[in-house]
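The values are calculated or read from the model by the stated rules, or taken from the named source; none is laboratory data. What you see is a predicted model, and the numbers here were worked out from it, not measured in a lab. All Cβ positions, even for glycine, are placed from backbone atoms using ideal geometry, and neighbour counts span all protein chains on display. When the accessible area is computed, the model is the full protein with side chains, heavy atoms only, and any ligands, DNA or RNA have been set aside. Shrake-Rupley method; radii C 1.70, N 1.55, O 1.52, S 1.80 Å.
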Amino acid sequence: MHDLTGFQRDLLYVITGREDPHGLAIKEELEDYYEKEIHHGRLYPNLDTLVDKGLVEKGQRDRRTNFYTLTRRGRREIEARREWEDQYVETE
């Protein structure tokens, strides 16, 4: 996960936290978090990068709507990242 941008990592976390979200649902979630508009030209190329890296699978609901699911590798990467973060973040 070290080669991903922060935005790409955020995409993974959003996909993990929702059941097979479609692009618009991911976009809306990130817009709430970032408190600004996320343009399609930023969202979809980054989702495609995650698909190309084998971290996310893209499925098709209908002709216009794709959905995204984390792969096993994607889940392992998130788990490894969380373990790495836990070394530096104190939890009470």
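Applying the criterion of being of a type in the set (A, V, I, L, M) and not in a loop (DSSP other than H, G, I, E, B) to the residues of the range 1-15, the residue that is nearest to L43 (Cα to Cα) is L11. State which residue pairs qualify: first residue closer than 22 Å to T65 by Cβ and inside the range 1-22, second residue at pLDDT 90 or above and open to solvent by 70 Å² or more (accessible area, probe 1.4 Å) in any location, beta carbons under 6 Å apart, and separation of 6 or more residues or different chains. Partner pairs satisfying both residue conditions: V14/E29.
Residues are listed down the side, and each one gets a yes or a no for (1) closer than 15 Å to A25 by Cα; (2) at pLDDT 95 or above:
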site: G41; (1), (2): no, yes
site: R61; (1), (2): yes, no
site: N66; (1), (2): yes, no
site: R73; (1), (2): no, yes
site: W84; (1), (2): no, no
site: Y88; (1), (2): no, no
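Taking first residues from the range 42-62 that are of a type outside the set (D, E) and partners that are exposed (fewer than 13 other Cβ atoms within 10 Å of the Cβ), the Cβ contacts under 9 Å between residues at least 6 apart in sequence or on separate chains come to N46/T5; T49/T5; K53/D3; K53/R73; G54/R73; L55/R73; K58/D48.
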